[in-house]
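*Asks:* Got a structure for you, written out below as structure tokens; questions coming shortly.
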Amino acid sequence: MSRDSVPGDDVEFDPLNEDELAGLGLEPAPLPVLPLGDEPTRTTAPYLFPTERFRGEWHRHPIRLVKGLCLIAVYAGLLITLAVQRLKPEYTTRVVALLAVGALLLAAHRAAHWWFSRFVLTNRRLMLIEGVLTRRVAMMPLLRVTDMSYLQSPVGRLLDFGTFHLESAGWRGPLRRIADLPNPNELYLRIVEEMYEPAAVEARLGVSVAGAVQEALYGPPLVNYDGWLAVEVADEDGPVAVSPGRRFALYPARTYRVTITIAPFPAGGISEPLVVSGGVTDNRVRFEVEIDSDHAALRRTAAAVPAWHDRASSTEFTLGPFSEDDRLSGSPWLWVRVAQGRRTLQSIELEADLVPGDGERG
């Protein structure tokens, strides 16, 4: 076994067949909210990109249509009354007919506008699609939502509709206030869950048992990345020299910082390519970084490092000072490992040469 191998790396799992999956006796959990639609409608589908996961779409509550039609009827009635009272009899019939036709056309347009308008939720954003002849599409990324609330009037509580208020730092747009949305409590929980517990949403979507079991065995799908993994070692006085053989002097009495950087370019120190392909594409990639060692005192628990395709991100681990209880001896090894979804993708191996004393310079 090589130094950077992990117990269990050589174990392979065969995919489970349908009979084996059926024998597991797994049943879908009950839905705490209204079921999600399977597919987006033709109105919504053109505005979704391929890697975006559709969560649902909703019409405004019918009360919005009723209010619009009532307003049109009131104005039409007032105009017809004025026409009957003020116009000459020979013009009254024609004007009243024109007003009635205009009111009907306006009512038809209002009904079509209500029908084609959609409030859409995906795993990335909120969208509001409106318009018949002129289409307007507004969106807000879920990551930009800093606060969300909804308000129900007494009538709204009776008929189950409400008005949503969304807050986002530096964001201005039509999604700040969305009136007359149906089932506001369930919709509020749906959005909050998507923001903070997306895994729970996936579990509720009716994903096949086979897919769920395979993900439990192999981890979630990988996210593509093309960049570099870099490791730098420093102590209280600054960077520590690392030889071409990747060895450095370790004074047990000193404190060391191991900085691990993931970037689209070589970031200094010891760098190795970090390439993930064949997975899904996303703007943000989540890695787990840890330090393993043949000495327990040098091991550090994995830390999450979010990475982007256009800028560097890093994390830092502290080592030392070490005491006699840490039992350092010989030439300890350190493995800096980067994983994604429980799968190790890259590692950099360092060897420490223990040096007695406190390592004071000068």
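The values are calculated or read from the model by the stated rules, or taken from the named source; none is laboratory data. Keep in mind that what you see is a predicted model, and the values were worked out from it rather than measured. Heads up, the Cβs are rebuilt from the backbone with ideal geometry, glycines too, and the neighbour counts pull from every protein chain shown. Each accessible area value is taken on the protein alone, full model and side chains, heavy atoms only, with ligands, DNA and RNA left out. Shrake-Rupley method; radii C 1.70, N 1.55, O 1.52, S 1.80 Å.
*Asks:* Relative to the present Cα-Cα distance, how much length would full extension add between ARG299 and ASN185 at 0.36 nm per residue of separation?
*Replies:* 36.4 nm
*Asks:* Could you tell me the distance between the Cα centroids of the stretch 217-266 and the stretch 80-159, to the nearest Å?
*Replies:* The stretch 217-266 and the stretch 80-159 have Cα centres separated by 58 Å.
*Asks:* Which whole-Hz couplings ³J(HN,Hα) result when phi for each residue of the stretch 104-117 is put into the Karplus expression 6.51 cos²θ - 1.76 cosθ + 1.60, θ = phi - 60°, listed in order with x for Gly and Pro?
*Replies:* After applying 6.51 cos²θ - 1.76 cosθ + 1.60, I find 5, 5, 5, 5, 5, 5, 5, 5, 5, 4, 5, 5, 8, 7 Hz.
*Asks:* Given R₀ = 56 Å, FRET efficiency for THR318-VAL74 by Cβ-Cβ distance, to 0.05?
*Replies:* With a Förster radius of 56 Å, E is 0.20.
*Asks:* So which GluC sites (Glu not before Pro) in the stretch 43-97 pass both tests, a DSSP loop state and at most 14 other Cβ atoms within 10 Å of the Cβ?
*Replies:* Counting only loop positions with at most 14 other Cβ atoms within 10 Å, the GluC sites (Glu not before Pro) in the stretch 43-97 are GLU52.
*Asks:* How much length is gained on full extension from GLU167 to ARG86, taking 0.36 nm per residue of separation minus their Cα-Cα distance?
*Replies:* 24.2 nm
*Asks:* In Å², what does the accessible area per residue of the stretch 240-314 work out to with a 1.4 Å probe?
*Replies:* Using a 1.4 Å probe on heavy atoms only, each residue of the stretch 240-314 averages 49 Å².
*Asks:* To continue, here is another question. Computed over the Cα atoms of the stretch 119-199, what is the convex hull's projected area averaged over all directions, in nm²?
*Replies:* Averaged projected area of the stretch 119-199's Cα convex hull equals 5.8 nm².
*Asks:* What's the carbon and sulfur percent of the stretch 300-354's accessible surface, probe 1.4 angstrom, rounded to a whole number?
*Replies:* Using a 1.4 Å probe with all protein chains present, the stretch 300-354 comes out at 43 percent carbon and sulfur.
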